[in-house]
Amino acid sequence: MLQSQENKPTFKVRPEEPAYAFIPPAGAARLNQHGKAIDLVDPANALAGQSLRINNNPVVGDNPNRYKQHGFHFTADNCIGCHACEAACSEKNDLPAHISFRSVGYVEGGTYPDFRRVNISMACNHCDNPVCLKGCPTRAYTKFAEYGAVLQDPDICFGCGYCTWVCPYNAPQLDPIKGQVSKCNMCVDRLEVGLKPACAAACLGGALDFGVVETAPENRVQTKLDIPGFPTTDITHPNIRFQQTRELPREMRRTDTTPLVYVKQTQDGKTSYKPQLAETQRARQWNLKKLLGSHENAHVAFTLSAQAVMGAFALLMLPASAALVALPTLFVMLALMGFGLFRLNMHLGKPMRFYRGFNNWRLSPVSREIAGVSLFFGGLAGYTFFTLFPGFPGAGLFRPLTAAAALLGLAFGGYYMIKLYLIPARPYWNHWQTATSFVGTALGLGGLLLGLMGAALGVIDTALASLLGAAMAAGFGLEAVGLFAHARRMRARGDEGAVAHFEQTTTYGWPYLVRNGLLGLALALAVVLAATGQALLLAPIALAAVCSAIIGRSLFYAVVIPTTMPGAFFWRNKGFAEHARETGLARVVAAGVLPDAH
């Protein structure tokens, strides 16, 4: 007779299971090193005793430490780089070759005969402050009281990939084939029966271990928060601890193509390794195909079109712009906004599930941006409708209300359009220049859009041209000031922000100079337009401004370097992935590189 589902354990423990595969007892610590309680729920709480319903199984695990925060412990001295943890994880989760929840990268330094390498095995760290959960617009993430596990439901995900932007550890994995994100689930089915996750149980060198956080494994004396190559813990308070006792060289370099070196620094008696730019010289290149052919072109199209229309609508509401309030102008704005929204939606892994983007409006800046932009688009559509049908019942009341709704959506959506890019894990974006760029684009391209429509309709005069020229000059000038300050700040940082700026001025050096020159030209012409009101200047301004905006926004997405874990010579190496696609090696499934980049 078959055993009922209600009586089945969540995971079957083998009779010959070795002792090292079981989770050790918890230590005595009550708080972790970030000041958070390790006990996540009082055992007497009503939440205790609930089932995780792993694979729809209602059985509740009998792990005595079920409601304590668990985490990984990695002894860097012991890791031999065998990748057994990767293999065990991939087998346990039935992952394709191009997806890996756990990865082993390394940094190295010194000279022969004293050459050192530090391997780093990394998966999701089930953080105290999971930025993936807060950023996800669909609420696909949940931080559970059970083990402190941060779990993600791929079926809820619609494949925007924002969680992959905000996570400093490359934990969420976006699968372009399935159009969804998935990640390490802490092997909670194994935890329910007292077993360590598959990766920790498979480690050959005793480097990777697991248990209640702040409980050092047997024969381990350190529970450090970082090692060379590990991103700052301030962003998420990750639940991983390290031991690394061997003396290391002053500099440890990455072996992937990210030009970063980690330099030893001592402050207040504590030694740490800080990232710095590893190169100072490289030939300036064009790489236009690579720059303009990015998968992020959908974001380029959306942000530029949305900001231009938002800026144009704000200027259209000025009394001096009354002559431009015409159906052709509104129809063009609707069409441009619709184009941007369509491109953005089709960028999703699951475009038909776009409506889930509203699910996490309480936490996610993406959800708030979607709500604001949708309100703006609806207000613009309503304003156009009542302009088209002025005799519609109540049009005199509803037309200004729709305009007010559009302006409210503009302010709310525009703010969160900026806010969602201020990501600590992406220093190149996390600067006020993002705001000056977006607002500058709205003023510059918005004024240009209205100027071109006014010229096409034959309603633009010297005063109106001067007004729009002043708006354009303000926008282009604001962006120029932001770019100058941003370049100075990124060079001074020395970390991934400096690397991104270095890539911008070398790998894409010529487009960078062209963008700067065109922006300067557009600014100069806009100043002349504001002073003279000569509408003939709109054509050269349009050519310079649009080209500058496209190149600049493409650079914004192409050069950003996240504070991610170092890769290996092949795996998690951007340079190897590009080489594999160029040579056709990506067609070999075992290479772990998809032929088409996301």
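What are the residues whose amide H is under 5 Å from the amide H of Gly148, where those residues sit 5 or more places off or on another chain and H is modelled from the backbone?
Placed amide hydrogens put His70 under 5 Å from Gly148.
So, in nm, how far is label Cys547 from label Ala323 when the simple model puts each one 7 Å beyond its Cα toward the Cβ?
Reported label-point gap for Cys547 and Ala323 is 3.0 nm.
How many nm separate the modelled label positions at Asp596 and Ala28, each set 7 Å beyond the Cα in the direction of the Cβ?
Roughly 6.0 nm, to one decimal.
Once phi is turned into ³J(HN,Hα) by the Karplus curve 6.51 cos²θ - 1.76 cosθ + 1.60 with θ = phi - 60°, what whole-Hz value does each residue of segment 250-265 show in order, with x for glycine and proline?
With the stated coefficients, segment 250-265 comes to 5, 10, 10, 9, 6, 9, 7, 8, 7, x, 10, 10, 9, 10, 5, 9 Hz.
Output the pairs from Lys8/Lys92; Lys196/Lys574; Lys134/Lys274; Lys68/Lys178; Lys68/Lys143; Lys12/Lys196 with a Cα-Cα distance over 22 Å in this structure; if there are none, say none. It would help to have the intermediate numbers written out before the result.
Details: Lys8/Lys92 19 Å; Lys196/Lys574 32 Å; Lys134/Lys274 27 Å; Lys68/Lys178 34 Å; Lys68/Lys143 13 Å; Lys12/Lys196 13 Å.
Checking Cα-Cα distances, Lys196/Lys574; Lys134/Lys274; Lys68/Lys178 exceed 22 Å.
Tell me, what is the percent relative contact order of the chain, built from C-alpha pairs under 8 Å that lie six or more residues apart?
That works out to 16 percent.
Using a 7 Å offset from Cα along Cα-Cβ at Val13, what residues in segment 193-218 end up with backbone N under 13 Å from the label point?
In segment 193-218, the label zone of Val13 (backbone N under 13 Å from the point 7 Å along Cα→Cβ) covers 193-196.
Which helices of the chain meet both criteria: a Cα extent of 20 Å or more along the helical axis and a mean Kyte-Doolittle score no lower than 1.6, with helices taken as whole DSSP H segments?
Once both thresholds are applied, what remains is 538-558.
For segment 157-315, treating each Cα as an identical point scatterer without solvent, what Debye log10 I(q)/I(0) comes out at q = 0.10, 0.11, 0.19 1/Å?
Debye intensities relative to I(0), on a log10 scale: -0.64, -0.75, -1.39.
Using the 10 angstrom Cβ neighbour count as an exposure proxy, how do Tyr106, Tyr20 rank, fewest first?
Going from sparsest to densest Cβ surroundings: Tyr20, Tyr106.
Could you give me the ³J(HN,Hα) list for segment 12-24, computed from phi with Karplus coefficients 6.51, -1.76, 1.60 and θ = phi - 60°, whole Hz, x at Gly and Pro?
My calculation for segment 12-24 gives 7, 8, 6, x, 9, 4, x, 4, 5, 7, 8, 5, x Hz in order.
Just report the Cα centroid separation between segment 63-90 and segment 431-492, whole Å.
Using only Cα atoms, the two centres lie 52 Å from each other.
Using the number of other C-beta atoms within 10 angstrom as an exposure proxy, rank Trp165, Trp361 with the fewest first.
In increasing order of surrounding Cβ atoms, one gets Trp361, Trp165.
Rounded to whole Å, give me the distance from the Cα center of segment 561-598 to that of segment 264-309.
Using only Cα atoms to place each centre, the spacing works out to 18 Å.
How do 499-510, 127-138, 334-345 rank on mean C-beta neighbours within 10 Å, highest first? List each step's numbers first, then the result.
Working: 499-510: 20.9, 127-138: 22.7, 334-345: 17.7.
The densest-packed peptide leads the list: 127-138, 499-510, 334-345.
For Lys274 and Asn345, calculate 0.36 nm times their separation in residues minus their Cα-Cα distance, and state this gained length in nm to one decimal.
Here the answer is 21.7 nm.
Please get the size of the charge dipole for the chain, origin at its Cα centre, with Cβ charges of +1 on Lys and Arg and -1 on Asp and Glu, quoted in debye to the nearest 20. The partial results should precede the final answer.
Numbers: 52 positive and 39 negative charges, 104 e Å.
Dipole magnitude for the chain comes out near 500 debye.
Put +1 on the Cβ of each Lys and Arg and -1 on the Cβ of each Asp and Glu in segment 288-558; which of Pro390, Ala323, Ala558 then has its Cα farthest toward the positive end of the dipole?
Selected residue: Ala558.
Over its Cα atoms, what ratio of radius of gyration to 2.2 N^0.38 Å does the chain give?
1.09
When DSSP beta bridges are limited to those with both residues in the chain, what percentage is antiparallel, rounded to the nearest 5?
Details: 38 of 42 bridges.
Roughly 90 percent of the beta bridges in the chain run antiparallel, per DSSP.
In 10 Å bins starting at 0, how do the alpha-carbon pair distances of segment 373-519 split up by percent?
11, 26, 31, 19, 10, 3, 0
Using Cβ contacts closer than 10 Å as the measure, can you line up Met417, Met346 from fewest to most?
Fewest-to-most ranking of Met417, Met346: Met346, Met417.
List every residue whose amide H lies under 5 Å from the amide H of Leu195, counting only residues 5 or more places away in sequence or on a different chain, with H placed 1.01 Å from N in the peptide plane.
For Leu195, whose amide H was placed from the backbone, the distant partners under 5 Å are Ile23.
Hey, what did segment 5-251 get for relative contact order, percent, Cα under 8 Å, at least 6 apart?
Numbers: 479 pairs, mean separation 71.5, N = 247.
Relative contact order for segment 5-251 comes out at 29 percent.
Using the Cα centre as the reference, give the magnitude of the dipole from point charges on the C-beta atoms of segment 70-114 (Lys, Arg: +1; Asp, Glu: -1; all else neutral), rounded to the nearest 20 debye. Walk me through the numbers before you get to the answer.
Working: 2 positive and 6 negative charges, 34 e Å.
Rounded to the nearest 20 debye, it is 160 debye.
Return a whole-number percent for the relative contact order of segment 372-480, with Cα pairs under 8 Å and 6 or more residues apart as the contact set.
The value is 24 percent.
Let me spell out the model: positive unit charges on the Cβ of Lys and Arg, negative unit charges on the Cβ of Asp and Glu, origin at the Cα centre of segment 111-270. What dipole size does that give, in debye rounded to 20? It would help to have the intermediate numbers written out before the result.
On the way: 18 positive and 17 negative charges, 82 e Å.
Magnitude of the dipole: close to 400 debye.
What is the local net charge at Val439, summed over the other residues whose Cβ is closer than 14 Å to its Cβ (Lys, Arg +1; Asp, Glu -1)?
+1
FYI, it's all coordinate maths here, none of it is from the lab. As the structure is a computational prediction, the values presented were derived from the model and not from experiment. Cβ sites come from the backbone with ideal geometry, for glycine too, and all protein chains shown count toward neighbours.
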